[in-house]
1. What does the charge count around B:Trp298 come to, taking other residues whose C-beta lies under 12 Å from its C-beta (Lys +1, Arg +1, Asp -1, Glu -1)?
2. Among rounded, prolate and oblate, which fits the range B:199-282 when a ≥ b ≥ c are the square roots of the eigenvalues of its C-alpha gyration tensor, a/c under 1.5 means rounded, and a/b larger than b/c means prolate?
3. In whole Hz, what ³J(HN,Hα) sequence does the range B:391-407 give by Karplus (6.51, -1.76, 1.60; θ = phi - 60°), x for Gly and Pro?
4. For chain B, find the longest principal axis of its Cα atoms and tell me its angle to the long axis of helix B:228-238, 0 to 90°, nearest 10.
5. What ranking do B:Asp86, B:Asp297, B:Asp401 get, fewest neighbouring Cβ atoms within 10 angstrom at the top?
6. Near B:Gly195, within a Cβ-to-Cβ distance under 14 Å, what is the net charge of the other residues, with Lys and Arg +1 and Asp and Glu -1?
7. How far is helix B:163-174 tilted off the main Cα axis of chain B, in degrees rounded to 10, range 0 to 90?
8. Using θ = phi - 60° and the Karplus relation 6.51 cos²θ - 1.76 cosθ + 1.60, list the HN-Hα couplings for the range A:51-63 in order, rounded to whole Hz, with x at every Gly or Pro.
Amino acid sequence: MKKLLLVLFCLCNFMYAVEYDALQGKMLSLSCASCHGTDGKSITITPYIAGMSKTVMYQTLLAYKNGEKTGTMMQKHAKGFTDAELEQISYYFSKVER
Amino acid sequence: MINRRHFNKILVGSVALSFAACSSITNVSLPKDRKRVIVVGGGFGGATAAKYLKKFSPETEVILIEQNKEYYTCPFGNTVIAGINDIDYIKHDYKILESKYKVKVIHEKVKKLDGATNSVILENGDKIPYHKAIVSPGIDFKYEKGYVKGSEQFAPHAYKAGAQTTLLREQLEGMQDGGTYVMVAPANPFRCPPGPYERVSLVAHYLKTHKPNSKIIILDQKNSFSKQGLFQEGWENLYRDMIEWRSVEFGGKVLSVDPKRKEVTTEDEVVKADVLNYIPAQKAGQLAFDSGLTKGDWCPINTKTFESKLVKNIHVIGDATIARSMPKSGFSANSQGKVAALQITRLLKNKPVVNPPKLANTCYSLIAPNYGITVAAVYEAHEDGIKAIPEAGGLSPMGADPSFRALEAEYAVGWYQNQTADMFR
């Protein structure tokens with residue numbers, strides 16, 4: 001049931017998907033690089049997020065934000081962004097060449 | 001008066017081949033075909049800003065002026081003091097910024113920035129004009145209570161990394177078992193709020209392993225500190241009675257210090273140290289004062305662009321700014337450097353700035369090599385200040401199990417490597 005709700009929730013979000021705004025995406029992605037590397041190209045244990053599927057990344061960020069997924073850190077950061085902003089971030093990294 | 005021959009010599013002498021090919025750069029007057037941004041200071045703020053200016057706008061001429069050829073980070077400096085890493089672990093240089101990103105790097109000391117003529121004036125008298133400047137001057141110390149210039153040779157602050165880091169490590173290594181390590185921790189505001197407490201944690205780790213009869217006394221010039229609960233829980237778990245923290249109200253207040261004798265006089269007694277780590281009160285780097293960028297001890301800024309409120313076309317980032325509520329941390333400076341670079345790129349192209357910009361900060365602290373704690377926040381820049389988003393951020397949990405602490409420690413190392421790569425590679 002929980003999973004079904006999550007799927008429905010994600011689908012709802014995709015219905016209201018925002019258009020990609022390159023400037024917003026870039027600006028919102030800037031602080032991610034401190035932990036995930038420049039343009040998300042991590043060289044350490046922190047996940048490599050450059051070129052990640054937009055849908056997978058957006059779902060992951062929403063799961064952090066909504067408390068479905070917890071890590072050491074990401075749930076605290078994800079709560080600082082609107083759903084639309086998280087989607088722009090996901091767009092941005094999906095467009096970076098791996 | 002511009003000494004063109006001298007200026008050309010500096011450029012040829014200190015900058016990579018990559019820009020010897022671009023003849024217009026050696027022209028001291030402003031280039032006609034492009035914009036010039038000068039970044040002064042090559043630390044967490046400045047190095048990041050220089051790299052990202054070129055990423056956002058490769059056609060902009062970016063000159064980074066930093067007096068030292070090598071940069072030692074304060075983050076992870078505490079692991080060097082405690083003998084966990086060597087000094088080379090925290091050493092970085094500017095070669096990749098030159099070769100890969102085509103930033104022109106000049107290793108000279110800057111006398112001041114002159115807002116009236118939009119120029120950077122070097123100590124040697126050369127004057128380099130800019131369209132926009134970013135200054136990341138870092139901190140300087142307030143010398144008071146007997147701690148004067150030169151005192152750092154006897155009672156190192158080790159709060160600017162490099163020679164001071166090595167000196168404090170040597171003093172710690174030279175201390176006998178049963179000795180007392182005394183830290184004077186500064187009043188707010190200061191660089192890296194959890195920094196002193198991470199340091200005593202890692203010093204305790206070293207002492208527990210090598211000199212278990214020793215003790216640590218912290219004479220604090222305030223009544224509480226960053227991540228206090230988490231630190232004190234960690235000290236209780238790992239070091240028991242080794243660390244004694246005295247708040248300013250209860251025995252910590254320093255009246256005077258004798259750095260040579262390593263004696264600190266408080267309201268109650270004279271505390272004798274075997275190693276005295278005196279971290280003075282702080283203010284913006286001297287360059288900020290000399291350039292008219294300060295009000296009180298720090299630099300007021302327009303929060304959306306980081307442009308100085310006092311001097312037009314100069315953007316100030318990092319520890320020297322009043323960027324409340326962001327803490328003075330390496331992560332903050334890096335985040336600010338990118339936002340300033342993005343906004344300057346917009347301004348130079350007569351485009352509206354991004355409004356509101358968002359910034360973030362995470363501070364990792366190690367209580368032991370396998371025991372990490374964190375605090376995080378996300379910020380939005382509004383006219384009246386940089387505000388933390390209330391529902392986001394926070395501290396790592398109290399009472400977490402060892403595997404969680406070990407994971408945070410591993411992520412701390414991961415952060416350091418990705419963060420420094422984001423600045424220098």
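1. +3
2. oblate
3. Values per residue, Gly and Pro as x: 7, 9, x, x, 9, 5, x, 6, x, 5, 7, x, 5, 5, 5, 5, 5 Hz.
4. So the helix axis and the longest Cα principal axis differ by about 50 degrees.
5. Working: B:Asp86 12, B:Asp297 17, B:Asp401 8.
In increasing order of surrounding Cβ atoms, one gets B:Asp401, B:Asp86, B:Asp297.
6. Neighbourhood net charge equals +3.
7. 20 degrees
8. Per residue, the Karplus-derived 3J(HN,Hα) values read x, 5, 4, 4, 5, 5, 5, 5, 4, 5, 5, 5, 5 Hz.
No lab work stands behind these numbers, since they all come straight from the coordinates. Since the structure is predicted, the reported quantities are computational estimates derived from the model, not experimental observations. All Cβ positions, even for glycine, are placed from backbone atoms using ideal geometry, and neighbour counts span all protein chains on display.
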